[in-house]
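Here's the structure, in structure tokens; my notes come after.
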Amino acid sequence: MMLATACVVKDGFGPERVATLLDLMGSELRDRFRTDEDDRVQVAHDAHALVSAAGMLGFTRLSRLCREIEAAAHGDGDLRPLIHRLEIQRAEVLGTIHKLKAA
């Protein structure tokens, strides 16, 4: 599914623009969620920043997870399980970005 989405995005934006968008997404993933999860405002902000960018590039699981994290950060639940899932998603998406750029 992700590769099909990447092809559609590439056709719509062109390969150079998609490469730039993937680079930006990689940077965002590496830079965001680096604060303590007790800083719920920052966690919500970071999650919100990734929801649409991840979705636009076809990373729908990451987008949905970020939406879930944003909602949870506005509440008082334990963010640790969500942040753990995010770390797994982050690694998967960064790996996919690497593969897409190499293709």
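The values are calculated or read from the model by the stated rules, or taken from the named source; none is laboratory data. All of these numbers come straight from a predicted model, not from anything done at the bench. All Cβ positions, glycine included, derive from the backbone under ideal geometry; neighbour counts span all protein chains shown. Surface areas here come from the heavy atoms of the whole protein model, side chains and all, with no ligands, DNA or RNA. Shrake-Rupley method; radii C 1.70, N 1.55, O 1.52, S 1.80 Å.
Heavy atoms only, probe 1.4 Å: what % of the accessible area of the chain goes to carbon and sulfur, would you let me know?
On the way: 3520 of 6160 Å².
C and S fraction of accessible area: 57 percent.
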request  = Select from Ser52, Ser27, Ser63 the residue whose mean-square fluctuation is largest in a Gaussian network model of the chain (Cα-Cα springs shorter than 10 Å).
outcome  = Ser27
Correct choice for Rg and Dmax of the Cα atoms in Å that was computed from the model, options (i) 40.8, 127; (ii) 13.9, 43; (iii) 13.3, 40 = (ii)
task = Would you mind telling me which residue in Ala53, Ala19, Ala73 has the biggest mean-square fluctuation in a Gaussian network model of the chain, where springs connect alpha carbons within a distance under 10 angstrom?
result = Ala19
request  = Mean Kyte-Doolittle of at least 1.0 plus a Cα span of 15 Å or more along the axis: flag which DSSP H helices in the chain meet both, please.
outcome  = 2-13
key: Residue among Val41, Val93, Val51 with the largest mean-square fluctuation in a Gaussian network model of the chain, springs linking Cα atoms under 10 Å   = Val41
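Tell me whether region 48-103 comes out rounded, prolate or oblate; compute the Cα gyration tensor, take square roots of the eigenvalues as a ≥ b ≥ c, and use a/c under 1.5 as the rounded threshold. Each step should come with its number before you reach the end.
Details: a/c = 3.98, a/b = 1.89, b/c = 2.11.
Since a/c reaches 1.5 but b/c is at least a/b, the shape of region 48-103 is classed as oblate.
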request  = Run the dipole for the chain about the Cα centre, Lys and Arg Cβ at +1, Asp and Glu Cβ at -1, nothing else charged, and hand back the magnitude in debye, nearest 20.
outcome  = 480
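Checking the a/c ratio against 1.5 first, then a/b against b/c, what shape does the Cα gyration tensor give for region 25-74? List each step's numbers first, then the result.
Details: a/c = 2.64, a/b = 1.42, b/c = 1.86.
Judged from the Cα gyration tensor, region 25-74 comes out oblate (a/c at least 1.5, b/c at or above a/b).
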